[in-house]
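> Before I ask anything, let me first share the structure, which is written out below as structure tokens.
Every read-out reported here was derived from the displayed coordinates using simple, explicitly stated rules and does not represent laboratory data. The structure displayed is predicted, hence computed values, not measured ones. Don't worry about glycine lacking a Cβ; one is built from the backbone with ideal geometry, like all the others, and counts go over all protein chains shown.
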Amino acid sequence: MNSIEVQAVLLSALVAAGTGLLGAVLVVSLARVRPAWAAATAPLVVVLSLAAGVYASARAMLLTERESNTVLLVLLAAVPVAAVLGAATALRVQDLARARARETAERDRDRQVEEGRRELVAWVSHDLRTPLAGMQAITEALQDGVAPDPAEYLARMRAEVARMSGMVDDLLALSRLQSPALRLRLQHVSLADVVSDVVAWAQPLAQVRGVRLNGRAVGPVAADVDADEVGRAVGNLVVNAIRHTPPGGEVEVSVLLERNGHAPAATVAVRDGCGGIEQEALSRVFEPGWRGVEARSPEDGGGAGLGLAIVRGVAAAHGGTAEVANDGPGCRFTLRLPVAAAGPG
């Protein structure tokens, strides 16, 4: 090998290495922010490094410019192949990244569901112990004959049984709504009638609490919904509003048909006089077991803190939403349900 050939080989190696090094830096930089782009660029870097080295070697070997360009064009003919290979690799990298992201999201969701389930079981177990302890004390007093008024004790026992029954019903309802096997019994019903029935049912509780309860419908509103589930959700919202509104306050229930340029939606809004909820807590009010207080002991005959979670479950089962916002002297809870194959009625 003569000196010219040696120089050509060394020059080719240096140019190829330099070009490859710059390309490697580019690929590594892209890999940190755009892995797919890095995968698409890598084959092109290899081909261009090889082409640059061979072209430099050809020029060093004193080939004519035409001959050198011919060699370069032959090498660059591999660029489309490299581009296709890079594109295919990039697509595969994107698919793998999406699959990994889905798996991570599913694991996170499963972990959150499991944590929520454990926390819910712990909360409900705690809340059930309170009425059970009261019933045990009542039965012991009756058994020992030390109850001053057996009739009053029996009435208290019935109240505790009713409270426990309500907790269990709420727990079963929430479990059913979260089940993949849930099947709604959709019927074309007037939501104004549903709200009217709930308001009439809740009036005695409002009167005992000294709260004014009013309901109104803005025009005829009908939708394809499960009337029992929607009635339960509206009832939970109304009872929650009554319990948190001070005596002399007002709870207003309204139902209307929203259009707003989007698909029509039936909206049931419940406004109370609770005084408002702290901003950082608004996102938690629909969580199972959350009552807005640190203490877990139910007050005033409250349930296990599942009422609003059931509202959100009913909304989600119908493809709707449940929202809350501070409004005036209290809060405004909104149950929004899509109107499918329904119209005014």
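> Please identify every one of the trypsin sites (Lys or Arg not before Pro) in the stretch 150-258 that sits in a loop by DSSP and has no more than 15 other beta carbons within 10 Å of its own beta carbon.
Answer by residue number: ARG183, ARG185.
> Would you list PHE286, PHE333 from fewest to most Cβ contacts within 10 Å?
PHE286, PHE333
> Moving on. Charges on Cβ only, +1 for Lys and Arg, -1 for Asp and Glu, centred on the Cα centroid of the stretch 187-338; of SER283, LEU213, ALA202, which one is farthest towards the dipole's positive end?
The residue sitting most towards the positive pole is LEU213.
> Shifting gears a bit: Spin-label point model (7 Å from Cα, Cβ direction): what's the TRP201 to ALA31 distance in nm?
6.2 nm
> Using the Cα centre as the reference, give the magnitude of the dipole from point charges on the C-beta atoms of the stretch 116-177 (Lys, Arg: +1; Asp, Glu: -1; all else neutral), rounded to the nearest 20 debye.
The calculated dipole for the stretch 116-177 is roughly 340 debye.
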